[in-house]
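Here is the structure we will look at, set down as structure tokens.
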Amino acid sequence: MRAYPINRIAGLALAISLIACGGNKGTKDPKPAADTLKKDTTKVVTVAPKKESLLIERKYDDIARYIGGLAQKPGSTLNPELSKSKAWKSYSEPFNKSWKNYDSTRLSVMRAWSKTDLAEMNKNETNIFYPFAGADILNAYTLFPHATQFVMVGLEPVGSLPELEGKHYKDSLNNYFHNINNSLTSILNFSFFRTKSMRLDFNKQNELNGTIHILLLFLTRTGNTIAGITPVSVHSDGSLARYPDFDSMRKDSLKSKGVEIRFVDADSVIKKVYYFSTNIANDGMASNKGFTAFVKGMGHYNTYLKSASCLMHEAGFSSIRNLILDGSNYVLEDDSGIPLKFFTEKGNWDFTFYGTYTGAYAIFHHNFQKDLSDAYKAGKNVKELPFGIGYKFKKGESNLMLAKKKK
């Protein structure tokens, strides 16, 4: 998660290595107004798994697999020389080994826990709202594998697809994969993206110019097929504005610049990820009614919060806090999310606590929650957490709280 302008939030000084080494234009959804909107010119073919037809373009999956270090499938649209390059091989071979180890030692534990302890949460809702997410679709998808729509929010730029065929780009592949490895170090080791690192990694001067690269990597690495990608924003009424390309979106002054990634899971279920780069502090939300309308337009949803810098402890983030509390059926969060007192004040939530709570992470020490500490000490509805997550990322030091809204 990228930092908001609160002076007390500092960068996290951690170093462990795992990876080897808006004014809203566009096409409105579903009925565009011709005087203000642009036409969506994405070329697609139609595939019809189950009851819903899916617009799909093969090149997106090929690009995602290349970014993810996976071999191309037969009939790839990419130049075969790209997968023969020394830069890609030097990246993909150690990354494949590291990912296999990471999946077997961490993700498998999270998946097993999700099947048991999040079974009811996963059964009753298909929309996941993930504020302060950065590019972390990995943890969200692992915990909520049955969700069909993820809405993620951060301040990090969306970026654009890599220009793999360009000579200049091929000459800079070493730098591109080096940046990917750097950006992955904290999320795979600590379960969160570090603010300071993301400012450097997701830089418009770099080939790794935004979250889309890491979103595609995680989606393809978790067994999905990328079907389509569309740059999007939202209109003031909450409807989607679609753009034919990232350059068109980049030129417009927008409160919410985003991307819609359509994908198909291993069971042929059609799913979507939306990532929006937008300010969700109170002032940002006050000037961007469309984003709030978009979230409310989902109806009910479940919310996931992790490594959120204790921002919703503050009055300046009351709007996003209330949006979550009012619209969510369930909230799964660590202690950096919404303080327990805001749930209990409303009086319509049941709680299950996981892991241990010994106080906020060091740089947020003044965000200690006595009521949360008391709940853990009381031992009622407190269960084991078999993996580490959040700022206190080591197993045995982490916590999660599952809040269920009473009917």
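What net charge do the residues around Ser398 carry, taking every other residue with its C-beta under 9 Å from that of Ser398, with Lys and Arg at +1 and Asp and Glu at -1?
Numbers: positive: Lys392, Lys394, Lys395; negative: Asp334, Glu397.
That works out to +1.
Is any residue of segment 371-387 close enough, with backbone N under 16 Å, to a label point placed 7 angstrom from the Cα of Thr358 along the Cα-Cβ axis, and if so, which?
So the set is 373-374, 376-377, 385, 387.
Round to the nearest 0.05 the FRET efficiency obtained for Ala293 and Lys86 when R0 = 56 Å and r is the Cβ-Cβ distance.
Once the sixth-power term is evaluated, E becomes 0.70.
Among Glu120, Glu207, Glu333, what's the order by accessible area (1.4 angstrom probe), most exposed first? Before the final figure, lay out each step's value.
Values: Glu120 90, Glu207 35, Glu333 5 Å².
Highest to lowest solvent-accessible surface, that is Glu120, Glu207, Glu333.
Work out, step by step, the length gained on full extension between Gln72 and Ala315: first 0.36 nm times the residue separation, then minus their alpha carbon distance; give nm to one decimal. Before the final figure, lay out each step's value.
Details: separation 243, 0.36 × 243 = 87.48 nm, distance 4.90 nm.
The Gln72-Ala315 span can extend by a further 82.6 nm.
Tell me, what is the 1.4 Å probe accessible area of Arg250, in Å² to the nearest 10?
We get 110 Å² for Arg250.
Taking the Cβ-Cβ separation of Asn79 and Glu345 as r and a Förster radius of 41 Å, what is the calculated FRET efficiency to the nearest 0.05? Don't skip to the end; give the middle numbers.
Working: r = 58 Å, r/R0 = 1.43.
Rounded to the nearest 0.05, the efficiency is 0.10.
In nm, to one decimal, how far is the modelled label at Glu384 from the one at Asp247, with both set 7 Å along Cα→Cβ?
If labels sit at Glu384 and Asp247, their model points lie 5.7 nm apart.
Over segment 96-159, average the accessible area per residue using a 1.4 Å probe and give it in Å², no decimals. Spell out each step's value before the answer.
Numbers: 2210 Å² over 64 residues.
Per residue, segment 96-159 has 35 Å² of solvent-accessible surface.
Using the Cα centre as the reference, give the magnitude of the dipole from point charges on the C-beta atoms of segment 74-118 (Lys, Arg: +1; Asp, Glu: -1; all else neutral), rounded to the nearest 20 debye. Kindly include the intermediate steps, with their values, before the conclusion.
Numbers: 8 positive and 4 negative charges, 22 e Å.
Charge dipole, segment 74-118, about its Cα centre: 100 debye, nearest 20.
Per residue, how many Å² of accessible area does segment 291-407 show with a 1.4 Å probe?
Values: 4760 Å² over 117 residues.
I get 41 Å² per residue for this part.
Output ³J(HN,Hα) for segment 373-390: one whole-Hz value per residue in order, computed from phi by the Karplus curve 6.51 cos²θ - 1.76 cosθ + 1.60 with θ = phi - 60°, and x for Gly and Pro.
Per-residue couplings from phi come out as 4, 5, 5, 5, 5, 5, x, 7, 6, 9, 10, 5, 10, x, 8, x, 7, x Hz.
Less than 9 Å Cβ to Cβ from Thr220, Lys/Arg counted +1 and Asp/Glu -1: what total charge do the surrounding residues give? Before the final figure, lay out the partial values.
Working: positive: Arg65, Arg221; negative: Asp61.
Net local charge, Thr220 excluded: +1.
The values are calculated or read from the model by the stated rules, or taken from the named source; none is laboratory data. Just so you know, these numbers come straight off a predicted model, no measurement behind them. Note that each Cβ is placed from the backbone with ideal geometry, even for glycine, and that neighbours are counted across all protein chains shown. Heavy atoms of the whole protein, side chains included, go into the accessibility calculation; ligands, DNA and RNA do not. Shrake-Rupley method; radii C 1.70, N 1.55, O 1.52, S 1.80 Å.
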